Amino acid sequence: MQLLRQSDYNKLSDIAFENEYADQSHFIRAFKEFAGASPFQFMKKSEELIENLSILTK
């Protein structure tokens, strides 16, 4: 999750291999089990949350 938030990668497979997953599909499956959403869905929700918080703090 932290690597996704940092956006310091080119592809999801970069994160998968960095964390010793055999391939991207195994990473996505494990991520869904842990986070309850795919990496894409997680990032989208995170971005929406940040946008909403910035609106509320204005």
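The values are calculated or read from the model by the stated rules, or taken from the named source; none is laboratory data. Computed from a predicted model, the values in this text were never measured in an experiment. With ideal geometry, Cβ positions are generated from the backbone for all residues, glycine too; neighbour counts draw on all protein chains shown.
Annotations for the structure displayed:
- Test: residue in region 44-58 that is aliphatic (A, V, I, L, M) and at pLDDT 90 or above: no
- The residues of region 2-28 that are over 21 Å from Lys44 (Cα atoms) and among the polar types (S, T, N, Q) amount to a single one, Asn19.
- For region 1-28, the tally of residues that are outside any helix (DSSP H, G or I) and not small (Gly, Ala, Ser) stands at 9.
One line per residue, one yes/no per condition, for (1) surrounded by 14 or more Cβ atoms within 10 Å (Cβ to Cβ); (2) modelled with pLDDT of 90 or more; (3) among the aromatic types (Phe, Trp, Tyr):
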{"site": "Leu3", "(1), (2), (3)": "yes, no, no"}
{"site": "Asn10", "(1), (2), (3)": "no, no, no"}
{"site": "Ala16", "(1), (2), (3)": "yes, yes, no"}
{"site": "Glu20", "(1), (2), (3)": "no, yes, no"}
{"site": "Ile28", "(1), (2), (3)": "yes, yes, no"}
{"site": "Phe31", "(1), (2), (3)": "yes, yes, yes"}
{"site": "Gly36", "(1), (2), (3)": "no, yes, no"}
{"site": "Gln41", "(1), (2), (3)": "no, yes, no"}
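- Near pairs, Cβ below 9 angstrom, 6+ apart or cross-chain, from region 23-52 (more than 16 Å from Leu3 (Cα to Cα)) to any residue that is surrounded by 12 or more Cβ atoms within 10 Å (Cβ to Cβ): Asp23/Ser13; Asp23/Ala16; Asp23/Phe17; Ser25/Ala16; His26/Ala16; Gly36/Phe42
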